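Contents: one structure, followed by commentary.
Read-outs: derived from the displayed coordinates by stated rules, not from any lab. Keep in mind that what you see is a predicted model, and the values were worked out from it rather than measured. As a convention, Cβ positions derive from the backbone with ideal geometry for all residues, glycine included, and neighbour counts pool all protein chains shown.
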Amino acid sequence: MVTIEVGLGGRSYPIHVGAGLLDRADILAAAIPGRDVLVVTNTVVAPLYLERVCNTLSGYRVRQLVLPDGEAHKTLETAGRILDALVQGGYARDATVLALGGGVVGDMAGFAAACYQRGIAFLQAPTTLLAQVDSAVGGKTAVNHPQGKNLIGAFHQPIAVIADTDTLNTLSDRELRAGLAEVIKYGAILDAPFLDWLQENMSALLAREPQALAQAIRRCCELKARVVEQDEKEHGCRAILNLGHTFAHAIETLCGYGQWLHGEAVAAGMVMAADFSVATGLLDPASARRLREIIQQAGLPVSPPVLLPAAFMQAMSHDKKVLAGRLRLVLLRKLGEAAISDDYPSEELARFVASALQEVNH
């Protein structure tokens, strides 16, 4: 097991990465403050791991809540079911919500924990690659709105993240590839040598070689922890973690949540962000081509779906990085170095989006 500390003063917490961690009662006990635990999971994960986790929690008063699977259910209504379970279970402020699942479960459970009695403990047990490297770390919690992804949410740090790498063995190939999009993102924005390593080891990652996966997860968590420590609530540099996400969220919103997996949309969005970085003169074309090749190597999409440019621009306008009417984009100066910029003519972005979507149409 490897442990990475997220240093946030009184809100600091460990990220444990390793095999078999869902069976480690000592790790769970070190994190959980009281005796009451609500385990929130979904219909896909529950048959695989719910009984195992409840057995590990045998010394606690445990209730279970199994939610429907999928991004389409990441709504206020579903989060309300978690709050209802907490109220009906008579949970007090020393209770813990344990999120067992991927990013959707983690985001909703964390949001409910942030709201219940103005905030109770929240433990992340992510079971997808995407959640282990990204969404489970950093305290972002949210639900979707029909007009935009993650528009309703709160910052609420977990008390620990327990990333059991054995859970990746039951992940579908599609979900694994979607997680690799976020892995590639970290190399693109922060760590060019890591991007080199990913290119050399992509076949091992796709083959689920345990050592390669553990190394990738560890490095992503290290990188994200350092960024979150500098800018917990995304007032500045933390926004670079959203490379490709403004384009991606438009894809997810317009296609209907869940039609494209989040990582698939991020992959296409990163290519669009790199290409727009070239168009604005920030990035050299060879670097954009190389990023596209690495994303293709991971078996991920490099183009958006067929969508109307006007609708795409409208969806992007709901992005949380809009300030004073200006859409700030995460762009690349070079591979391994990102920048947050609104220093471009808005009509240039509109032309770029129209051109990119026209290429898909053809």
Original post:
Using bins 10 angstrom wide from zero, how does P(r) for the stretch 2-170 break down, in % of all Cα pairs?
Top reply: 11, 45, 37, 7, 0
Subject >> Least to most buried among ARG289, ARG24 (fewest other Cβ within 10 Å first) >> reply: ARG289, ARG24
Original post:
Between SER346 and GLN297, how many nm apart are label points set 7 Å from Cα along the C-beta direction?
Top reply: 3.9
Original post:
What is the helix-to-structure angle for 103-115, meaning the angle in degrees between its Cα long axis and the longest Cα principal axis of the chain, kept from 0 to 90 and rounded to the nearest 10?
Top reply: 60
Subject >> Degrees, to the nearest 10: 245-255 long Cα axis against longest axis of the chain >> reply: 80
**OP:** Whole Å is fine, so just give me how far the alpha carbon centre of the stretch 63-129 lies from that of the stretch 297-362.
**Re:** 32
Subject >> Sorted by Cβ neighbour density within 10 Å, fewest at the top, the residues VAL183, VAL62, VAL97 >> reply: VAL62, VAL183, VAL97
Subject >> Using alpha-carbon coordinates, inclination of helix 210-230 to the longest axis of the chain, degrees >> reply: 80
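Suppose a student asked you for the relative contact order of the stretch 1-103, using Cα pairs under 8 Å spaced at least 6 residues apart; what percent would you report?
Across the stretch 1-103, relative contact order equals 32 percent.
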Original post:
In straight Cα distance, which lysines are under 24 Å from LYS74, not counting same-chain residues fewer than 8 positions off?
Top reply: LYS140, LYS149, LYS185, LYS224, LYS233, LYS320, LYS321
Subject >> Using a Förster distance of 25 Å, the FRET efficiency for SER203-GLU337 (Cβ separation, nearest 0.05) >> reply: 0.40
Original post:
In percent, how large is the relative contact order of the chain, given Cα pairs closer than 8 Å and 6 or more residues apart?
Top reply: 15
**OP:** Can you tell me the relative contact order of the stretch 60-173? Whole percent, Cα pairs under 8 Å, sequence separation 6 or more.
**Re:** 24
Subject >> the stretch 173-361 - charge dipole about Cα centre, Lys and Arg +1 at Cβ, Asp and Glu -1, debye rounded to 20 >> reply: 120
**OP:** Report, as a whole number in µm² per second, the diffusion coefficient that Stokes-Einstein gives for the stretch 173-361 at 20 °C and 1.002 mPa s using the Kirkwood radius over alpha carbon pairs.
**Re:** 129
**OP:** Alpha carbons only, please: Rg and Dmax for the stretch 181-288, in angstrom.
**Re:** 14.7, 40
Subject >> Between the stretch 151-214 and the stretch 215-275, the alpha-carbon center distance in angstrom >> reply: 12
**OP:** Would you mind ranking GLU348, GLU252 by Cβ crowding within 10 Å, fewest neighbours first?
**Re:** GLU348, GLU252
